[in-house]
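*Asks:* Take a look at the following structure, please.
The values are calculated or read from the model by the stated rules, or taken from the named source; none is laboratory data. Here the structure is a predicted model, which means the values were calculated and not measured. Cβ placement follows ideal geometry from the backbone for every residue including glycine, while neighbour counts extend to all protein chains displayed.
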Amino acid sequence: METKAQASDEVAWVHVGRQMLLTIHKHVVVKIPRFSVSHDNQKTWLLHINGVQQDDRGYYMCQVNTNPMMSQVGFLQVVVPPNILDSLSTESTVAVRENQNITLTCKADGYPTPKLMWKREDGQGISINRHKKGQSILVNKLTGQPRELEV
């Protein structure tokens, strides 16, 4: 993120949502080593965030100590790729006796929230009941037809 100011002006960077002062002029105030500030000895001040994390998402404001004070706000959106949480999901291969029911679970995280889609081994889609929300599917007696699906 960047702003333009006079060389004599003091510039501060603030994380608005956390109400956290990050930098004042050339000094990093926050005790997070991933944050740093630089300027080009002209009018441009830069806030650097190394190794951006999902918690860094939010509004950032640059304030310049002019009279009246000037400020500029920008929003940092952090995209997190989808990830299937294996420890919370059903095994890849499950054996069940004919005429028994089974519940299959697929749990995933990411931002924006991933959309889960169930398919049979032959690639055909499975029609689902969209009235419920969640990550589980109950296949009725292994006919291949879902009795209940939460997505």
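*Asks:* Just for segment 72-93: of the residues that are more than 19 Å from the chain's Cα centre (by Cα) and among the small types (Gly, Ala, Ser), which one is farthest from residue 104 (Cα to Cα)?
*Replies:* Restricting to residues being more than 19 Å from the chain's Cα centre (by Cα) and among the small types (Gly, Ala, Ser), the top hit is 87.
*Asks:* Let me ask another. Which of the residues that make up segment 1-14 are modelled with pLDDT of 75 or more and surrounded by 19 or more Cβ atoms within 10 Å (Cβ to Cβ)? Break it down into steps so the answer makes sense when it comes.
*Replies:* Initial filter on segment 1-14 (modelled with pLDDT of 75 or more): 10-14.
Within segment 1-14, 11, 12, 13, 14 qualify.
*Asks:* So, of the residues in segment 78-93 that are in a loop (DSSP other than H, G, I, E, B) and over 21 Å from residue 36 (Cβ atoms), which turns out to be modelled with the highest pLDDT? Don't jump to the end; show me each part of the working.
*Replies:* Within segment 78-93, the subset in a loop (DSSP other than H, G, I, E, B) is 78-79, 85, 89-93.
Still in the list and also over 21 Å from residue 36 (Cβ atoms): 79, 85, 89-93.
Values: 79: 95, 85: 85, 89: 74, 90: 73, 91: 74, 92: 72, 93: 76.
Checking each candidate, the answer is 79.
*Asks:* Also: Find the strands (runs of 3 or more DSSP E) located wholly in segment 8-71 whose residues include 2 or more that are among the hydroxyl-bearing types (Ser, Thr, Tyr) and closer than 26 Å to residue 111 by Cα, and list them. Let's see the steps before the verdict.
*Replies:* Working: elements: 11-15, 20-24, 35-39, 44-49, 58-64.
Filter on segment 8-71 gives 58-64.
*Asks:* Turning to a different aspect of this structure: Give 110, 74 a once-over and let me know the one that is at positive phi, surrounded by 10 or more Cβ atoms within 10 Å (Cβ to Cβ) and part of a strand (DSSP E or B).
*Replies:* Just one listed residue meets the conditions, 110.
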